[in-house]
1. Using the Karplus curve 6.51 cos²θ - 1.76 cosθ + 1.60 with θ = phi - 60°, work out ³J(HN,Hα) for each residue of the stretch 99-109 in order, rounded to whole Hz, and write x for Gly and Pro.
2. Grab the other residues whose beta carbon is less than 11 angstrom from that of His132, score K and R as +1, D and E as -1, and report the net.
3. Sort the following peptides by mean Cβ neighbour count (other Cβ atoms within 10 Å, averaged over residues), highest first: 174-183, 121-130.
4. What distance in nm separates the simple spin-label points at Thr96 and Thr167, each placed 7 Å from Cα in the Cβ direction?
5. Once amide H atoms are built 1.01 Å from N in the peptide plane, which residues 5 or more positions from Ser69, or in another chain, come under 5 Å H to H?
6. If we sort 97-107, 149-159, 193-203 on the protection proxy, mean other Cβ atoms within 10 Å, highest first, what's the order?
7. Answer with one residue from Gly168, Pro186, Leu141: the one whose Cα lies farthest towards the positive end of the charge dipole of the stretch 114-245, charges on Cβ with Lys, Arg +1 and Asp, Glu -1.
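What follows draws every value from the coordinates through simple rules; no lab data is involved. In this text the structure is predicted, and so the values were computed from the model without any measurement. Backbone-built Cβ (ideal geometry, glycine too); neighbour counts: all protein chains shown.
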Amino acid sequence: MANKKQSRREIADQLRTKQKRADKRQGLVIVGVCALIALVIVGLAAYKPIKEWWDLRQYNNAEISEIGSPADVCQKIITKKASGSQEHVQPGTDVTYTDSPPAFGKHEVYPDSMERKLYTAEDRPRLEMLVHNQEHGYTMLWYDETIAKDSEQMSELRAIATKLKGTGNMRLKFKALPWTKEDGDPFPNDQHVALTHWSKGGKDAELSEKKQVGVWKYCDSVSGEALDDFMLKYDFFDSPEPYGG
């Protein structure tokens, strides 16, 4: 009888030992899976900036005018009498803009800061804030969802934005911004890029709302050459409030 009891005890001990080993193996598997998941998360987080850095290397020694398509992918400049100078609305107030995208109009009290040059649909400021930037002399490059899905053209935009980074020189007042279906109608004539500026009516024009115009140039694709020409023609000083933020 004692031997039988001992045998059962030994069997129970063996089962417990096996269970502990199984639990330990399971624990190691769980730790390994968690470590692998963590590595994947870290890898994915690092992949985007590393890829962007790699993609931008080809533009390191390029001028803005050499990035993207030639200027002939763009249409002729369009102008329209502007309104809304110094007409402010409180932050969060919606303004209806009839143009896609707007180049002038009523706008929020505070503009966006100069530091950020390129936005995506996930983090772009409100249109009402950005219109205020245009009153202060910014050139805006708006890109639609077709461009947003094109990795090569987004790399071109990142390269352009990098070359225009900085806040010490007013001539660097530039932002590249997404235009989505929620913002308004598509760009006319199946174009995918729009350059806009709020002009006071010319660099040498006296400040008068009667002379102010909105300026548009629509393009089929990203063109650094067209942007360079546009910013030289309509610089920051050719705006209602050039020395604003």
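1. Each residue's phi maps through the Karplus curve to give 9, 10, x, x, 10, 6, x, 4, 7, 5, 4 Hz.
2. Result for the neighbourhood of His132: -4.
3. Taking the mean over residues of other Cβ atoms within 10 Å, the ranking is 174-183, 121-130.
4. Distance between label points: 3.6 nm.
5. It is Val222, Ser223, Gly224, by chain and number.
6. Output ranking for 97-107, 149-159, 193-203: 193-203, 97-107, 149-159.
7. Selected residue: Gly168.
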